[in-house]
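Visitor: Take a look at this one; I'll ask things after.
All of the numbers you see were taken from the coordinates with simple rules; none came from a lab. Remember, predicted model here, so these are calculated numbers, not experimental data. We place every Cβ from the backbone using ideal geometry, glycine too, and count neighbours over all the protein chains shown.
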Amino acid sequence: MPRVLRLRDHEIALGVTVLAFIPPLAALGGEFGDLPRRPADALAVLLVLGQTVPLAVRGRWPALCLAVTGIAFAVHESMGYPQNIAAIGLYIALYSVGSLQNRHRMALAIAATAAYVAFAAVLAWLGSPDRMLDSAVFYVALAAWWLLGAFVRRRRQDEVERRRLAELAAAADERARIARELHDVVTHHVTAMVVQADAAQFVSEPAEALTAISGSGRLALRELRHLLDVLEATGAAGTVAELVEQTRAGGQPVELIEDGDRGSVNPGVELALYRVVQEALTNAVKYAAGSRTVVRVGRTPDAVDVEVTTAESRLHPEAQGGGRGLDGLRERVAKVGGSLEAGPRADGGFVVSARIPTGSG
């Protein structure tokens, strides 16, 4: 996209000043009052500069810029000096007040209108042949520059408000993502620890069960610390292999089948993959404890495919599509450009499958 050229205030002031003293261009300015003209002199030069130099501070003090340029313009026209392109300084000053003035805008508009009425009265007293209609038309032309600046100001404010609302929406989306992350971490690991604790009373060596519970707790703490680090997807919350091993240690028979080269994958893709397996294994432990579970991960240059199947599943209806876990998981996978499906199998089992493009973030 081409870069937009933006002139600074002092550059605008310098440019208009230079144009005001180039003979072929200087006379392009408008004429108001139609008074008898007199030759330019030193005072005329000062009045021309009074209409151009204040533009250098129009951004910082737009009201002061308008006051100085307006007075200089009024005196220049009242003295009957030759028309000059420096009059454009008044138009720019009016636009600047409309677009940049923050305080006392209404009071300034009333004061400027009163000053214009006084200027028109002085011209009439000096013998100007202009009619009241001419003065009204010129006033409307001047007011149009002010209104143009006000329109730009409003557009600028609307853009700022739009960005503010977009930031609020992004913050709300981030809070929802954090909630899903916490749900995934806490639900999975607490479920695993509860199942392991329940099973500990029936095993011959409870020390192994306690070790598994301790491992689940440490893994949960590690993932929670990962979330507290602003939840940046700069590294995976864990690996699928670690997740499968930890679930297997809790008593769930889980088999992992991986195909393809992992290579360099976007961390967001790896995190989404991890959460898909995590949620599927959580549901398997909760609703099909002891049933054989298979995790298949296939990697290609274009996408990562994952499928988690559980045999003889007795899944609660909540886990079959209406639960927060799977619904949040669908949203997560969709955000990285993928798709997720979950439902019962014909043989009575349950399957969760997802496809995540490797080029997504």
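Visitor: With the crude spin-label approximation of a point 7 Å out along Cα→Cβ, what separation in nm comes out for Ala111 versus Arg60?
Guide: It is 1.9 nm.
Visitor: Go through 73-84, 11-22, 288-299 and give me the packing order, highest mean Cβ count within 10 Å leading.
Guide: 73-84, 288-299, 11-22
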